[in-house]
Amino acid sequence: MSKMQLITKGLVKDNPTFVLILGMCPTLATTTSAINGLSMGLATLFVLVLSNMAISLVAKVTPDKVHIPVYIVVIATFVTVLQLLMQAYTPGIYSALGVFIPLIVVNCIILGRAEAFACKHNVIDSALDGIGVGLGFVASLTVIGIVREILGSGSVFGWKFITGDGILAFIMAPGAFLVLGYLMVLFNKYLVKK
Amino acid sequence: MAAKSNLTNMAVVLAATCLICAAILGCVYAVTAAPIAETNANIQKAAIAAVLPEGVEVSEAVPVKVGGEDSEYYIGTKDGAPVAYAVKSTTSGFGGALTLMVGVTADGKVYNTSVLSHTETPGLGAKCTSDPAFTAQWKGFDTGTKILSVKKDGGDVDAITASTITSRAYTLAVKNAYEAVKGLAK
Amino acid sequence: MMEILLIIVSAIFVNNVVLAQFLGICPFLGVSKKTSTAAGMSAAVCFVITLATLVTYLLNKYLLLPTGIFKVDLTFLQTILFILVIAALVQMVEIVLKKSAPSLYQALGIYLPLITTNCAVLGVAINVVTKQFTFGGAPHMLGLGDAVIYAFATSLGYGLAMILFSGLREHLELNDVPKDFKGLPIALITVGILAMAFMGFSGIA
């Protein structure tokens, strides 16, 4: 696989949300608005790239039987670093995303990429893989966030173009499931090559 | 591929990973501790500044009971005389705790309010921070002529559409803060 | 007594862990094709959430908080400590069950390894020690007893949502669904409608 393919595959072919169906909890919970979805995507991208690089470095010296605990400690470390940085510099976004920042630890995308890719490839390829899959995640979360924000509050990235209240259900829990379900249908119909 | 497992290398690798990670975290924590404290202090400072008249000097935090719970307030003084108080007030909203900073002038009017933290539903109760129809009414709310409870309960506070519980919690927080300042004056 | 009742109703129905808080969605979608597996998974989750919350609550109180034995604020280690404790706990539960209750192990065994990455476990453990809960009264942090009751009730809510959903899914299998909706999309839309039904509980507490 060429370097370019590593970066672009996450957008459609191996899209973590619509094709691999990974990391559903933050996908549903944090996409109440476009900006929240985008922030959550970027936070995950940050952890994914760093943990992919670190794991590709330590994979060779890690004994097989303890590789899962080692990976989890590495991932949890980067998540905590992210938590501290966000608390210091972006407190508004940190409190909006709430418990889902520490929960990046158990986002199956990250452990999944560590197991499936990073432990078998070199640092550069692993970083590119992290960027590719991470960008796919950012793109899907932002799209879901945009759709929910338009339907739920009549705005995009906080810019209001429909006056009055939106359809509130789309900001709340049911809307998350419905929007993801219908977007998945559209994704299957128009983007997946059969 | 992964190395073969035996007891020594498993123990060594696990211990080394934990040590290195703990060291990294310790460093990052040490570096970010000051900015985090500063950010939190700034949020608090901005909230106090927003609810007190311009150009007042703000005192250190003073402990006080607000609505029966431990809280704190700040005195805003001008030319040595207290002109207004900023009171931190927490009540139960729809999703959890709702914490406000409430400014009350020395002559007993609400000067302004500001939300410090909340866990209300986005698009519904969370509008208590952004909906101008709701937030604007607190600026200069005259407790002498208006009643501090939502219209549904016979008061003069306009509730947020479809978020009566949040509106009630907000109003109660303001009321508790106001009562606390009245208690101080005695 | 009233508060305990409120905690239970709130955790099972009003703030259902799956349908309102979006925790533990992956196993919720993954192992809900049959009611029997859904029930097995729910039982395992119930066991682990309650136990994990008990252990992490105590560790947080006596190790991490500045009031604990080290007298310094170590809460920035919360995420890393909690996930390690949960992973170790799941392993231990697996070993103990295998030795002492083989029949229970046979029923729950295959689900246990999946639970480490179930974010409901870590999510509940973190929420319990960081969030102020109200339950009709003034906002406060939960005590140990209330925290364990809350965790147990939350996992019951998980089981309820899981079993309801698996029942719906068994019926979906028999229906003729348009091609692009087959599988997950129609399942997600169904959960959306189920979540709408659960929104009706939000007036209770």
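Each value in this text was obtained by applying a stated rule to the coordinates, not by laboratory testing. Model, not experiment: these values are computed from the prediction. Glycine gets a Cβ as well: all are built from the backbone with ideal geometry, and neighbour counts include every protein chain shown.
Computed values, structure above
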read-out	value
Most positive-pole-ward Cα, A:Val79, C:Thr37, A:Gly158, against dipole of the protein assembly as shown from beta carbon charges	C:Thr37
Cut-off of 10 Å, at most 12 other beta carbons, DSSP loop: longest stretch of chain A lacking such chymotrypsin sites (Phe, Trp or Tyr not before Pro)	A:1-156
Calculated diffusion of region A:1-50, Stokes-Einstein form, Kirkwood radius summed over Cα pairs, 37 °C and 0.692 mPa s, µm²/s	276
Folded to 0 to 90 degrees: helix B:7-51 orientation relative to chain B principal axis, Cα	20
Using alpha-carbon coordinates, inclination of helix B:164-185 to the longest axis of chain B, degrees	70
Calculated on alpha-carbon atoms, Rg and Dmax of region B:20-157 in Å	17.9, 64
31 Å Cα-Cα threshold exceeded, pairs from B:Lys78/B:Lys175; B:Lys127/C:Lys34; A:Lys9/C:Lys34	B:Lys127/C:Lys34; A:Lys9/C:Lys34
Check: the protein assembly as shown dipole with +1 on Lys, Arg Cβ and -1 on Asp, Glu Cβ, in debye	1280
Sparse-neighbour loop sites [trypsin sites (Lys or Arg not before Pro); region C:108-205; at most 15 other C-beta within 10 Å; DSSP]	C:Lys182
GluC sites (Glu not before Pro) restricted to DSSP loop in region B:33-97 with at most 11 other C-beta within 10 Å	B:Glu54, B:Glu60
Average projection area in nm² (convex hull over Cα atoms of the protein assembly as shown, one quarter of hull surface)	30.0
Degrees separating the helix C:78-100 axis from the principal Cα axis of chain C, which is the longest one	70
Ratio Rg/Rh, restricted to region B:1-57 and using Cα atoms, in which Rh is the Kirkwood radius	1.49
Region A:3-187: equivalent-ellipsoid semi-axes (sqrt of 5 x gyration tensor eigenvalues, Cα, Å)	31, 18, 13
Check: region A:3-187 dipole with +1 on Lys, Arg Cβ and -1 on Asp, Glu Cβ, in debye	220
Helix-only mean residue ellipticity at 222 nm for chain B, each DSSP H run of n ≥ 4 adding -39500 (n - 2.57), per residue, nearest 500	-13500 deg cm²/dmol
Sparse-neighbourhood loop sites, chymotrypsin sites (Phe, Trp or Tyr not before Pro) in region C:51-144 - DSSP loop, at most 16 other Cβ within 10 angstrom	C:Phe70
Span-rule helices in chain A, defined as complete DSSP H runs reaching 24 Å or more along the axis (Cα) with Kyte mean at least 0.5	A:34-58, A:67-89, A:123-153, A:173-190
